[in-house]
Amino acid sequence: MPKLGIVKVRGDREVNSYVVSCTATGEAVVVDPVEPVDKLLQQVSNLKVVWVVATHGHPGHVAGKDALKQATGATTGLHVADAKMFLRSADRYLVDGDELPFGNFTVKVLHTPGHTPGSLCFLIANHLFTGDTLLAGGIGRERPGTDVRQQLMSIGSRFSGLHRRTAIYPGHGPVTDLETELRTSPVFQPMRR
């Protein structure tokens, strides 16, 4: 059975980046490439980075994208709505339902607009990388362009069908799981009634 390796790297602005690797092949994906990029490069030194993807276009979540691409040759990806809004570029503009292969795994792309128009979450097996769409105990803080109502609708519609034991890796703060969030987070309070 292939296994995933997941390493959390905390970057500037308290942003979490994740190096997700297939232990059988050594191929990897970096979610939310932070600065300083040296911290990420240390974690990928023995891996072949295939994808560098961003959950959204806010500066802390894409700060190391270009340097990491240059160092690894990986393909970069984000949603076109955030590329336009934040004047970002990528090798590939991701849309809902895209599947990005690496090793023995696939990254499933979920478009979850709200925090930003192009917010994405990435599902790999039973591991969900949520950026600022969903944090442990809440959501990412409201910024210009945030539509909280749409964000809550994205969470409710996209996450309700996932397995309760899905691990959640947010863009800030601690790792959690869907079962805990459904039971305790104010985000899911309307669903508990």
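Being under 29 Å from residue 27 (Cβ atoms), part of a helix (DSSP H, G or I), out of contact with any helix residue (DSSP H, G or I) (no Cβ under 6 Å at 6 or more places or on another chain) and in contact (Cβ under 8 Å) with a residue 12 or more places away in the chain: is that true of residue 158 here? Please lay out each step first, then the result.
On the way: under 29 Å from residue 27 (Cβ atoms): yes; part of a helix (DSSP H, G or I): yes; out of contact with any helix residue (DSSP H, G or I) (no Cβ under 6 Å at 6 or more places or on another chain): yes; in contact (Cβ under 8 Å) with a residue 12 or more places away in the chain: yes.
Considered against the rule, which asks whether it is under 29 Å from residue 27 (Cβ atoms), part of a helix (DSSP H, G or I), out of contact with any helix residue (DSSP H, G or I) (no Cβ under 6 Å at 6 or more places or on another chain) and in contact (Cβ under 8 Å) with a residue 12 or more places away in the chain, residue 158 comes out as yes.
Can you tell me which residue in region 53-76 is surrounded by the fewest Cβ atoms within 10 Å (Cβ to Cβ), limited to those that are touching a helix residue (DSSP H, G or I) at 6+ places or on another chain (Cβ under 7 Å) and over 22 Å from residue 96 (Cα atoms)?
It comes out as 71.
Can you say whether residue 88 is modelled with pLDDT under 95 and surrounded by 18 or more Cβ atoms within 10 Å (Cβ to Cβ), as far as the supplied structure shows?
So residue 88 passes the test.
Each row is one residue, and each column tells you yes or no for (1) part of a helix (DSSP H, G or I); (2) over 13 Å from residue 50 (Cα atoms); (3) touching a residue at least 60 places away in the same chain (Cβ under 8 Å).
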| residue | (1), (2), (3) |
| --- | --- |
| 76 | no, no, no |
| 85 | yes, yes, yes |
| 90 | no, yes, no |
| 97 | no, yes, no |
| 106 | no, no, no |
| 109 | no, yes, no |
| 116 | no, yes, yes |
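Go through region 136-149 and give me each residue that's surrounded by 11 or more Cβ atoms within 10 Å (Cβ to Cβ) and more than 20 Å from residue 14 (Cβ to Cβ). Step through it out loud before you land on a result.
Looking only at region 136-149, we keep the residues that are surrounded by 11 or more Cβ atoms within 10 Å (Cβ to Cβ), and these are 136-140, 142-143, 145-148.
Hits for region 136-149 are 145, 147, 148.
Applying the selection to region 156-181, what residues are in contact with a Leu (Cβ under 8 Å, 6 or more places away or on another chain) and over 26 Å from residue 21 (Cα atoms)?
none
Yes/no per residue for (1) outside any loop (DSSP other than H, G, I, E, B); (2) farther than 18 Å from residue 122 by Cβ; (3) out of contact with any helix residue (DSSP H, G or I) (no Cβ under 6 Å at 6 or more places or on another chain); (4) free of Cβ contacts under 8 Å to residues at least 12 places away in the same chain:
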position	(1), (2), (3), (4)
13	yes, yes, no, no
21	yes, no, yes, no
28	yes, no, yes, no
42	yes, yes, yes, yes
51	yes, no, yes, no
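Whether any residue in region 59-73 is in contact with a strand residue (DSSP E or B) (Cβ under 9 Å, 6 or more places away or on another chain), assigned to a strand (DSSP E or B) and more than 22 Å from residue 85 (Cα to Cα) is what I want to check. Walk me through how you get there before you give the answer.
Looking only at region 59-73, we keep the residues that are in contact with a strand residue (DSSP E or B) (Cβ under 9 Å, 6 or more places away or on another chain), and these are 61-62, 64-66, 68-69, 71-73.
Now narrow it down to the ones that are assigned to a strand (DSSP E or B): none.
No.
Residues are listed down the side, and each one gets a yes or a no for (1) surrounded by 14 or more Cβ atoms within 10 Å (Cβ to Cβ); (2) touching a residue at least 60 places away in the same chain (Cβ under 8 Å); (3) outside any helix (DSSP H, G or I); (4) at positive phi:
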| residue | (1), (2), (3), (4) |
| --- | --- |
| 151 | yes, no, no, no |
| 162 | yes, no, yes, no |
| 165 | no, no, yes, no |
| 172 | yes, yes, yes, no |
| 183 | no, no, no, no |
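The values are calculated or read from the model by the stated rules, or taken from the named source; none is laboratory data. All values derive from a computational prediction rather than experimental measurement. Note: ideal-geometry Cβ built from the backbone for every residue, glycine included; neighbour counts use all protein chains shown.
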